[in-house]
Amino acid sequence: MKAALRVHSQAPHQFAAMKAMQDGFKKHGIESRIVGRHEKANADLEVIWSARQLDAVDKRVPVLILECGYINSRTGIYKDDRLRYVSFSWNELHGLSHWQDGLDYSRAASMFSAARWHFDDRSQGKIIVAGQVTGDYCAPSLGWTAKIITEASKFYGVDRVVHRPHPLEQRSQQTLVSQLESAYMLITWSSTAAVEAVLEGVPVCVFSRGSIAYPVASNDIKVRAMPDPNPWLANIACRQFTHREMESGMAWDYQRGGYDALST
């Protein structure tokens, strides 16, 4: 088996993740090499960073998509890349991944040990509308956020609706976790802010099936519900890994089934 790890020369975080993955492949006896953005791969498996690179791959082979993990902001571990979580998807991103098998309740219990399942009534709490970064692969047109703010304001009252732009667009003076402490609901298209909300016991409404939080979300701003998140968390625990776990080969232990299922 041969794997090609496709990176962009101007993105050191991509290279670091691919190098960790390459080390993990070596421990499994898998031959791999790092290739450029548009270089011909001639491989049995392609590994890319971000679905934006799907246009450059050989779609006749399985494509493993790496992206930022789902809980990095709550763990406070950005200073050490080897501890930063990286998410894994197959052929499409997050909720649209062509292979999503795996449940590990023990790993989830450790990974999400700080989660709070209070699900308070908070009948007068705030409705947070979490924006997407401009040009987001998963996001609709820029007018989506304004439209949802208008609809939510009509239903809940303008004083209760708070717009939280994506941090790459505008830094907020409040952390998301602090805002969630008094939130009634979080609404977003597909932002991983929805994961943070669920971990804080706040119901979420998402509109994209590509959202990793889709299985535990409402799809109507007027509906506030939260199903049991534990099976979902047990699945996420099999779909994000630190650089150390990638280097050790453990990430591939969890994800090898995706290659086997999609290469047959």
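The values are calculated or read from the model by the stated rules, or taken from the named source; none is laboratory data. All figures in this text were calculated on a predicted structure; none of them were measured in a lab. So basically every Cβ, Gly included, is an ideal-geometry build from the backbone, and we count neighbours across all protein chains shown.
Residue-level check: of (1) modelled with pLDDT of 85 or more; (2) more than 26 Å from residue 224 (Cα to Cα); (3) among the β-branched types (Val, Ile, Thr), residue 149 misses just (2).
The residues of segment 114-145 that are surrounded by 12 or more Cβ atoms within 10 Å (Cβ to Cβ), at pLDDT 75 or above and assigned to a loop (DSSP other than H, G, I, E, B), listed by number, are 125, 131, 132, 133. Contact annotation: residue pairs with Cβ atoms under 8 Å, 6 or more positions apart or on different chains, pairing a residue in segment 168-196 that is surrounded by fewer than 21 Cβ atoms within 10 Å (Cβ to Cβ) with a partner that is of a type in the set (Phe, Trp, Tyr), are 184/156.
For segment 44-71, the set of residues classified as more than 15 Å from residue 92 (Cβ to Cβ) and of a type in the set (D, E, K, R) consists of 44, 58, 60, listed by residue number. With respect to the conditions (1) surrounded by fewer than 16 Cβ atoms within 10 Å (Cβ to Cβ); (2) in a strand (DSSP E or B), residue 205 lacks only one, and its number is (1).
Scanning segment 247-256 finds one or more residues that are buried (at least 21 other Cβ atoms within 10 Å of the Cβ), of a type in the set (Gly, Ala, Ser), in contact (Cβ under 8 Å) with a residue 40 or more places away in the chain and not assigned by TED's automatic domain parsing to the domain that holds residue 179. Among the numbered conditions (1) assigned to a loop (DSSP other than H, G, I, E, B); (2) under 28 Å from residue 12 (Cβ atoms); (3) among the charged types (D, E, K, R), the only one that residue 222 does not meet is (2).
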